[in-house]
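Engineer: Take this structure, written in structure tokens, and hold onto it; I'll ask about it next.
The values are calculated or read from the model by the stated rules, or taken from the named source; none is laboratory data. What you see is a predicted model, and the numbers here were worked out from it, not measured in a lab. Glycine gets a Cβ as well: all are built from the backbone with ideal geometry, and neighbour counts include every protein chain shown. The protein model used for the area step is the full one, side chains on, heavy atoms only, and it has no ligands, DNA or RNA in it. Shrake-Rupley method; radii C 1.70, N 1.55, O 1.52, S 1.80 Å.
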Amino acid sequence: MENNDIVYGVHAVTEALQANTGNKLYIQEDLRGKNVDKIKALAAEKKVSISWTPKKTLQEMTEGAVHQGFVLRVAAFAYTDLAVILKQTVQEENPLLLILDGLTDPHNLGSILRTADATNVSGVIIPKHRAVGVTPVVSKTSTGAVEHIPIARVTNLSQTLDKLKEEGFWIFGTDMNGTPSHQWNTAGKLALIIGNEGKGISANIKKQVDEMITIPMNGHVQSLNASVAAAILMYEVFRNRL
């Protein structure tokens, strides 16, 4: 059972405290050093109580993950309403929304969010069912990006794509056959779908895609890791904006 209401590690704990989502901080009782002083001061400033805790307890709380001596109990992750994200994109010249179709690996999601933050992606849309949500592992892998990038969780991806089309977005997918990524026309409002790690984009969603983009590959493997593929395409849009 994954514990969704904690974050751990220096970076994730600091980010969550700064974003005012922390409720209670647990610090390893024999820990010393500048990280302790910094996080302790931040917790005091944010009025979050501190409990000095044995290392063994922290290991049990995080199920053996690398916590660096810091565990923070947080409010459940606050997803952003899709309408709010869409409203923000109205002011943007060339917004990019990322749609993750059934991603299941929290490390992939975390690293996609990290790149999305680096490349000014306007928002990320994930489905409620059969997909990973924002968990402590996602939060830690994203190195705090979850606090900066709006993430919407929707019940029906297909309806969401219809809504995006109404708002003037072009829908792009990733596939083995398509326009090579370096020839992709990234002008306008873009929504990019990244498929599931194994199966790719689901068949019903594929029907709604305006254009498939392919990342040229010349080696022996057939596809790239989902977060790597997403990163290459996010940077393609980012590069064309500059």
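Engineer: Is the shape of segment 29-107 rounded, prolate or oblate, going by the alpha carbon gyration tensor and its root eigenvalues a ≥ b ≥ c, with a/c under 1.5 for rounded and a/b larger than b/c for prolate?
Structural biologist: Prolate.
Engineer: How high is the relative contact order of segment 6-74? Use alpha-carbon pairs under 8 Å, at least six apart in sequence, and give a whole percent.
Structural biologist: The normalised contact order for segment 6-74 reaches 54 percent.
Engineer: Now for a different question. Quick one: if the Förster radius is 30 Å, what FRET efficiency do N177 and A83 give, using the C-beta to C-beta distance and rounding to 0.05?
Structural biologist: Taking R0 as 30 Å, the efficiency between N177 and A83 is 0.30.
Engineer: Kindly report the accessible area of the chain per residue (heavy atoms of protein chains, probe 1.4 Å, no ligands, DNA or RNA), in Å².
Structural biologist: Here the per-residue accessible area is 51 Å².
Engineer: While we're looking at this one, here's another question. With every protein chain in place, what's the accessible area of E15 (1.4 Å probe, Å², nearest 10)?
Structural biologist: It works out to around 40 Å².
Engineer: Not counting ligands, DNA or RNA, and with a 1.4 Å probe, what is K87's accessible surface area in Å² rounded to the nearest 10?
Structural biologist: Spelled out: K87, probe radius 1.4 Å, area about 150 Å².
Engineer: Dipole size in debye (nearest 20) for the chain around its Cα centre, Lys and Arg Cβ +1, Asp and Glu Cβ -1?
Structural biologist: It works out to roughly 460 debye.
Engineer: Quick check: residue separation of N35 and N218 times 0.36 nm, minus the Cα distance between them. What number comes out in nm?
Structural biologist: Length gained, N35 through N218: 61.4 nm.
Engineer: Quick one: with all protein chains in place, what share of the accessible area of segment 82-240 is carbon or sulfur, to the nearest percent (1.4 Å probe)?
Structural biologist: Of the solvent-accessible surface of segment 82-240, carbon and sulfur hold 49 percent.
Engineer: Another one. If the elastic network links every pair of Cα atoms under 10 Å, which of A145, A16, A41 fluctuates the most in the Gaussian network model of the chain?
Structural biologist: So, out of A145, A16, A41, the one fluctuating most is A41.
Engineer: In whole angstrom, how far apart do the alpha carbon centroids of segment 185-236 and segment 10-60 sit?
Structural biologist: Answer, in whole Å: 39.
Engineer: Which pairs, out of K128/K207; K40/K87; K24/K165, put more than 32 Å between their alpha-carbon atoms?
Structural biologist: Exceeds cut-off: K40/K87; K24/K165.
Engineer: If you stretched the chain out fully between Q159 and R130, how much longer would it get, using 0.36 nm times the residue separation minus the C-alpha to C-alpha distance?
Structural biologist: 8.8 nm
Engineer: Placing unit charges on C-beta atoms (Lys and Arg positive, Asp and Glu negative, everything else neutral), compute the dipole magnitude of segment 1-124 about its Cα centre in debye, rounded to 20.
Structural biologist: About 640 debye.
Engineer: Within segment 122-166, whose backbone N sits under 15 Å from a point 7 Å along Cα→Cβ of A76?
Structural biologist: It comes to 128-129, 133-136, 153-155, nothing else.
Engineer: What percent do you get for the relative contact order of the chain when only Cα pairs under 8 Å and 6+ apart count?
Structural biologist: 20 percent
Engineer: Could you run the Debye sum over the Cα atoms of the chain, one equal point scatterer each and no solvent, and tell me log10 of I(q)/I(0) at q = 0.11, 0.16 Å⁻¹, two decimals?
Structural biologist: After summing over all Cα pairs, the log10 values are -0.61, -1.07.
Engineer: Let me ask something additional. Where a ≥ b ≥ c are the square roots of the eigenvalues of the C-alpha gyration tensor, would you call segment 88-231 rounded, which needs a/c under 1.5, or, failing that, prolate if a/b is larger than b/c, or oblate?
Structural biologist: rounded
Engineer: Can I ask one more? Let me have the 222 nm mean residue ellipticity of the chain computed from DSSP H runs of 4+ only, each contributing -39500 (n - 2.57), with the sum over all residues rounded to the nearest 500.
Structural biologist: About -10000 deg cm²/dmol.
Engineer: Work out how much length R241 to E45 would gain on full extension: take 0.36 nm times their residue separation and subtract the Cα-Cα distance, in nm to one decimal.
Structural biologist: That pair, R241 and E45, stretches by 66.7 nm at full extension.
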